[in-house]
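Coordinate-derived values only; no laboratory data. Keep in mind the model is a prediction, meaning the values are calculated, not measured. Neighbour counts are summed over all protein chains in view; Cβ atoms, including those assigned to glycine, are modelled from backbone coordinates with ideal geometry.
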Amino acid sequence: MGWIPFIPRAVSISDDTATYLKLRYRFWKSRDVQGDYKAGEFVQDARGRWYVAFRSEVDDDLATGNGSVGIDLGLKELATTSEGDAIPALQHYRQYEQQLATAQRAGNKKRVRAIHAKIANARRHHLHEQSTRIARENQLIAVGNVSASKLAKTRMAKSVLDAGWASFRHMLRYKSARRQAVYVDVDERWSSQVCSTCGTMPASRPRGIADLGIREWECSDCRTLHNRDVNAARNILATALEHQRRVGETAALRGG
């Protein structure tokens, strides 16, 4: 793969041609670029194809929803929201794992690069689609701070890397900023063990790694039946809302 940065004044752009260092490059414009060019680069992907990418400054004036959502990241599901929605983990690497292994054994490097690019593109499309929807609908997005780097060192490494948590959070973060929404990383410790209804940590709660297989449980204090991931997402949202309330109170006191 290759990467060649450039500055706007060094490039002349027409409808389908970029001239750089006196060399003309034909390209297909996939979308119009809005705003003033600030920087750019020629980028080569894993399959040897070249793209010209422009960075431009645009107004952060996209419409924002009025919702608030907590998000619990996972492996069986990419994410579960406080509203009870489950975003599937499509497991793109797993889908092509056998094809990839066959190409690797055959020493077909071109085919290996093509499969890796296909996996990356499919994963990126899924993450963009879901993160755009969430950013469009909510003014507060709270995400549990599960550590992908730590879990990537365990037997769950393939599934963790295939899920793309870091990319998903990055997309949510910058898309929220473009819509003037608030993105918050929340400490997710105990989020699956505290009852989101009564706020206690009941004796009936699931505990640690040994109870990861327990997907539903009933609070022994208030008798609420919980989906483990939805309950965690609701606790993540509650933590973010409490943080926002305290920030608001502090700002009000300073203003007074």
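Divide, for the stretch 200-256, the radius of gyration over alpha carbons by 2.2 N^0.38 Å, where N is the residue count.
Taking the Cα Rg and dividing by 2.2 N^0.38 Å, one obtains 1.59.
Residue 172: net charge of surrounding residues, Cβ under 13 Å, Lys/Arg +1, Asp/Glu -1, itself excluded?
So the environment of residue 172 carries a net charge of +4.
Binning at 5 Å from 0, report for the chain what percent of all alpha-carbon pair distances ends up in each bin.
Percent of pairs per bin, in order: 1, 5, 10, 12, 14, 13, 13, 10, 8, 6, 4, 2, 1, 0, 0.
What's the longest uninterrupted piece of the chain once you rule out the chymotrypsin sites (Phe, Trp or Tyr not before Pro) that are loop residues per DSSP with at most 12 other Cβ within 10 Å?
Within the chain, the longest run free of exposed chymotrypsin sites (Phe, Trp or Tyr not before Pro) spans 29-189.
Where the convex hull is taken over the Cα atoms of the stretch 108-231, what is its projected area averaged over directions, in nm²?
Mean shadow area of the hull around the Cα atoms is 9.9 nm².
Tally Lys and Arg at +1 and Asp and Glu at -1 over the other residues with C-beta under 13 Å from the C-beta of residue 104: what net charge comes out?
My count for the surroundings of residue 104 gives +4.
I'd like the distance between the alpha-carbon centres of the stretch 192-256 and the stretch 127-166, rounded to an integer number of Å.
Each part's Cα centre sits 19 Å from the other's.
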